[in-house]
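Student: First the structure, which I've put down as structure tokens, then a few questions once you've had a look.
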């Protein structure tokens, strides 16, 4: 089977899930990302990325308790799986190794 | 204050979103919304809506087939499965039931197509509602006769004095065969002389050339198919066509063929009226004479009211001409919309026409469809009693009544749809045959919205009605009752079924009697002696202009070829009379009597070639010069004139002696074989339209015709050799009635089939009801025969009642229909007997199927329930 790939936006969301650890749910990820990226993101993009990554096995989810806000809807919290962490590591290693290859002279 | 996200967007989200994502997505959206709302409520709402739309993507949309929540859908699937299984379980019954409904629908659709075709007649013309033909009412001996023929001076009067009422006034000749030739191609086509303006009035669709193509005498306008036949791919405009081997005409325009459902449809080409005037001396003479030999078509001016125009022009003929005043002639406009449907006149009054057939067939169609529906409902209902247990079980398991109603309606809808699709299939397959049989051309109305709306409405109504009994009645049972099987249908149901069977059988028996009568009547006409020998006789259609003064040449050449024994020329074909004279007088004629005779101009050898039978006196003879002033009359004419011994008497015209009677012939059937023969005068004279040839029986017909064609071509290479066998032309006279006859057979067959379905429905219903009774009787020792008698007795009674209703009804119709035939047969008694016997045997056969099955059942089978 082909190794599941990790898209650019997915990688950002996955990083955010890992960073927020156990407090990561749709709106929280959205707000953090908007702050970090300094641009507007639509919540649907987050949902799509989360769903895809859950299908790939990078994250897993659980429902939180019912609260008064959100019209009584439960939050769905995401945590990164070992497989997801591994994918992030690989991505990071890959980028670093290529980054190392940049010859210093070119920017003199 | 509570804040709510936009309701509709939320509803939409809930509708499309997968259950397992809904809570998360909804929650997040609301949270974002609430936060946003504090900043800017309107922006929050906008953003919420937009986000919902953004979520509308494959990942989040639920599957809309059988969703996890869709029990209704699952049930619907189950209903279809149940319907399908119950159809399969009773294959024979399903077949009969569906085919009955299919047949009813197919017949109704075919009739509908035909009716639509008839009603659409002439609507092709743009000025359809403004075009009319001038008609003429003439009184003769107290009876008003209506005809199309008009005098030429009438046109001038209409133009000069009433011109502002009309957009167009068009003189016209009559549609007749003409020979058209160009290069090597020669055709015989039907065409007409029409005045300038006719193409504009008719709104012809010009494919090339000009619409004003009749402005000069030497022009001709062709229909597309004629142009292709003559010129092939070549551009015909400006080419020369020779007509009737006499006139050279320039093609000035090509128009799209007129559709079959137009009165002008058969007109394959139009030549200018001015050609007729310039080429025929008698037509020129008629410009000042009041000779009613032509047709006049008009298009009313936009502001003109047909009634007002009628009032203005009504008395013109009587005011302008003495003879017309004497017969109190009036004219009126017959609007184009009535040309096809209302063209019969009785004593000057509109007396229907094809519209009667249209109405009759519409009624038949509606009736057939109605009966088919009722039968379908009856059969479904009778069978549905078997489903009572299913109802009981479904109810016990927890079905609501609404669900059961839905199930049964769904089931009948399923069956009706099958029948409908089959009916459409039948129409598509049989439409070509139907078209050629009815001599029409209609296509299946795939693109007609009205057709589909009516069809869908019909399917819905039928399935609702057919399904209503099981749906609403059976579903009302208490489960325990249904399971025990202790319920009864109302008494009313039985009675209405009985009435239905009686009605259906009465109709069937009436139809059988009428059909047999039509059949007998046609036979009767066919067996009627014609008064001449039509076997081995052919008539060649000739054009007067081209064949002028060629009679002797042809006769000698034909006789020399050895292919014919005798030949003669005549003005009318042997199978019709084209001419008449009125106002002739004779000695002993009652005062104030205005006589009327059919006239036939013949050559001397007419009698010997057709082999008529001289009763008194002698035939014409070339050797007696005075025979050019002689007349031979038929027996009817002798009786009409009241002459005991007519030989040697004279007939006068305008007070002076006209012709001397030299012979009397036996009546010959030339017009309708069902009418009494008219008083007819045969005189010597030219202007032939036909050569009548007696073929030489020593040679084969093939051989004779080949020789004749060779001779013909050697004299007239430009003209096609067009001939017909007189016996075939005579047989044509029966086509109309034969067609009515075959239609009657179809409807009779259909009526019998439908009646049988009705009977089948009733008998299965009855047997179902009495199954227990039969079981008990069997246990007590009843024989199969006695049980069969018991069950069949009821039905035989019904059919006997139907017979008693049908016989007087059939007598009435047969009499009514027979009125139109002067030469008719009495209704033979055996016809009634045959119809009744047929009805009874069909009944016994149909009913026995059900009863014998019931009677042969093992008593324990039907009794074990209790």
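The values are calculated or read from the model by the stated rules, or taken from the named source; none is laboratory data. Every value quoted in this text rests on a predicted model; they were computed, and no experiment measured them. For neighbour counting, all protein chains shown are included, and Cβ atoms are generated from backbone atoms with ideal geometry for every residue, glycine included.
Student: Condition test on residue B:83, is it touching a helix residue (DSSP H, G or I) at 6+ places or on another chain (Cβ under 6 Å) and either assigned to a helix (DSSP H, G or I) or more than 13 Å from every other protein chain (Cβ to nearest Cβ) (or both)?
Tutor: yes
Student: Does residue B:197 satisfy the criteria of being in contact with a strand residue (DSSP E or B) (Cβ under 7 Å, 6 or more places away or on another chain) and surrounded by fewer than 17 Cβ atoms within 10 Å (Cβ to Cβ)?
Tutor: no
Student: Another question about this same structure. Could you check, for region B:192-204, whether at least one of its residues is modelled with pLDDT under 90 and in a loop (DSSP other than H, G, I, E, B)?
Tutor: Checked region B:192-204: no residue is modelled with pLDDT under 90 and in a loop (DSSP other than H, G, I, E, B).
Student: Just give me the residues in region B:679-696 being assigned to a loop (DSSP other than H, G, I, E, B) and modelled with pLDDT of 90 or more, in sequence order.
Tutor: Across region B:679-696, the qualifying residues are B:679, B:696.
Student: Looking only at region B:843-863, decide whether some residue is under 16 Å from residue B:512 (Cα atoms), assigned by TED's automatic domain parsing to the domain that holds residue B:372 and modelled with pLDDT of 80 or more.
Tutor: Yes, there is a match, as at least one residue in region B:843-863 is under 16 Å from residue B:512 (Cα atoms), assigned by TED's automatic domain parsing to the domain that holds residue B:372 and modelled with pLDDT of 80 or more.
Student: Follow-up question, since we're still on this one. Has region B:219-226 got any residue that is touching a strand residue (DSSP E or B) at 6+ places or on another chain (Cβ under 9 Å) and farther than 28 Å from residue B:443 by Cβ?
Tutor: yes
Student: Turning to a different aspect of this structure: Evaluate region B:774-796: report whether one residue or more is more than 31 Å from the chain's Cα centre (by Cα), within 27 Å of residue B:839 (Cα to Cα), without any contact (Cβ under 8 Å) to a residue 40 or more places away in the chain and not in a helix (DSSP H, G or I).
Tutor: For region B:774-796, residues more than 31 Å from the chain's Cα centre (by Cα), within 27 Å of residue B:839 (Cα to Cα), without any contact (Cβ under 8 Å) to a residue 40 or more places away in the chain and not in a helix (DSSP H, G or I): present.
Student: Against the definition (more than 14 Å from every other protein chain (Cβ to nearest Cβ), modelled with pLDDT under 85 and not in a helix (DSSP H, G or I)), how does residue B:69 come out, yes or no?
Tutor: When the stated conditions are applied, residue B:69 passes them.
Student: Going through region B:717-734 one residue at a time, which ones are within 15 Å of residue B:690 (Cα to Cα) and more than 23 Å from the chain's Cα centre (by Cα)?
Tutor: Correct list: B:719, B:720, B:721, B:722, B:723, B:724, B:725, B:726.
Student: If you check residue B:735 against the conditions, is it out of contact with any strand residue (DSSP E or B) (no Cβ under 7 Å at 6 or more places or on another chain) and surrounded by fewer than 17 Cβ atoms within 10 Å (Cβ to Cβ)?
Tutor: Taking the combined requirement at face value, the residue satisfies it.
Student: Check B:387, B:354 and return the single one that is out of contact with any strand residue (DSSP E or B) (no Cβ under 9 Å at 6 or more places or on another chain), in contact (Cβ under 8 Å) with a residue 40 or more places away in the chain and closer than 30 Å to residue B:203 by Cβ.
Tutor: Testing whether each residue is out of contact with any strand residue (DSSP E or B) (no Cβ under 9 Å at 6 or more places or on another chain), in contact (Cβ under 8 Å) with a residue 40 or more places away in the chain and closer than 30 Å to residue B:203 by Cβ leaves just B:354.
Student: Does any residue of region B:320-334 turn out to be at pLDDT below 80 and either farther than 30 Å from residue B:95 by Cβ or touching a helix residue (DSSP H, G or I) at 6+ places or on another chain (Cβ under 9 Å) (or both)?
Tutor: No, because not a single residue in region B:320-334 is at pLDDT below 80 and either farther than 30 Å from residue B:95 by Cβ or touching a helix residue (DSSP H, G or I) at 6+ places or on another chain (Cβ under 9 Å) (or both).
Student: Now a separate question. Would you confirm whether any residue within region B:594-612 is in the same structural domain as residue B:686 (by TED's automatic domain parsing), part of a loop (DSSP other than H, G, I, E, B), modelled with pLDDT under 90 and buried (at least 16 other Cβ atoms within 10 Å of the Cβ)?
Tutor: The answer is yes; a qualifying residue exists.
Student: Ok, one more. Which members of region B:542-556 meet the condition of being under 43 Å from the mean Cα position of the chain (by Cα) and either crowded, with 19+ Cβ neighbours inside 10 Å or on the phi > 0 side of the Ramachandran plot (or both)?
Tutor: B:542, B:543, B:547, B:554
Student: OK, next. Please specify each residue of region A:47-86 satisfying the condition of being under 16 Å from residue B:33 (Cβ atoms), facing another protein chain (nearest Cβ under 8 Å) and in a helix (DSSP H, G or I).
Tutor: A:47, A:70, A:71, listed by residue number.
Student: Give B:5, B:58 a once-over and let me know the one that is surrounded by 17 or more Cβ atoms within 10 Å (Cβ to Cβ) and either within 14 Å of another protein chain (Cβ to nearest Cβ) or part of a loop (DSSP other than H, G, I, E, B) (or both).
Tutor: Result: B:5 is the single residue among B:5, B:58 that is surrounded by 17 or more Cβ atoms within 10 Å (Cβ to Cβ) and either within 14 Å of another protein chain (Cβ to nearest Cβ) or part of a loop (DSSP other than H, G, I, E, B) (or both).
Student: Name, by its number, the condition in (1) under 26 Å from the mean Cα position of the chain (by Cα); (2) buried (at least 18 other Cβ atoms within 10 Å of the Cβ) that does not hold for residue B:812.
Tutor: So the condition that residue B:812 fails would be (2).
Student: One residue is enough: does region B:620-627 have a residue meeting the conditions at pLDDT 90 or above and surrounded by 15 or more Cβ atoms within 10 Å (Cβ to Cβ)?
Tutor: Yes.
Yes/no matrix, rows are residues, columns are (1) over 60 Å from the mean Cα position of the chain (by Cα); (2) part of a helix (DSSP H, G or I); (3) modelled with pLDDT of 80 or more; (4) away from chain A (no Cβ under 14 Å):
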site: B:15; (1), (2), (3), (4): no, yes, yes, yes
site: B:37; (1), (2), (3), (4): yes, yes, yes, no
site: B:43; (1), (2), (3), (4): yes, yes, yes, no
site: B:54; (1), (2), (3), (4): yes, yes, yes, no
site: B:64; (1), (2), (3), (4): no, no, no, yes
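Student: Considering only region A:19-46, state which residues are in contact with a strand residue (DSSP E or B) (Cβ under 8 Å, 6 or more places away or on another chain), farther than 14 Å from residue B:31 by Cα and within 13 Å of chain B (Cβ to nearest Cβ).
Tutor: A:24
Student: Give me the pairs, please: first residue somewhere in region A:20-46 and surrounded by fewer than 15 Cβ atoms within 10 Å (Cβ to Cβ), second residue anywhere and part of a loop (DSSP other than H, G, I, E, B), beta-carbon distance under 7 Å, and either six or more positions apart or on two chains.
Tutor: If the second residue must be part of a loop (DSSP other than H, G, I, E, B), the pairs left are A:34/A:40; A:34/A:41.
Student: Let me ask another. Mind counting the residues in region B:629-678 that are within 45 Å of the chain's Cα centre (by Cα) and assigned to a helix (DSSP H, G or I)?
Tutor: Number of matching residues: 7.
Student: A follow-up question, please. Checking residue B:463 against (1) modelled with pLDDT of 85 or more; (2) under 16 Å from residue B:381 (Cα atoms); (3) outside any helix (DSSP H, G or I), which test does it fail?
Tutor: (3)
Student: Same structure again: Picking from B:443, B:447, which residue would you name as being surrounded by fewer than 18 Cβ atoms within 10 Å (Cβ to Cβ), outside the structural domain of residue B:258 (by TED's automatic domain parsing), over 21 Å from the mean Cα position of the chain (by Cα) and under 17 Å from residue B:117 (Cα atoms)?
Tutor: B:447
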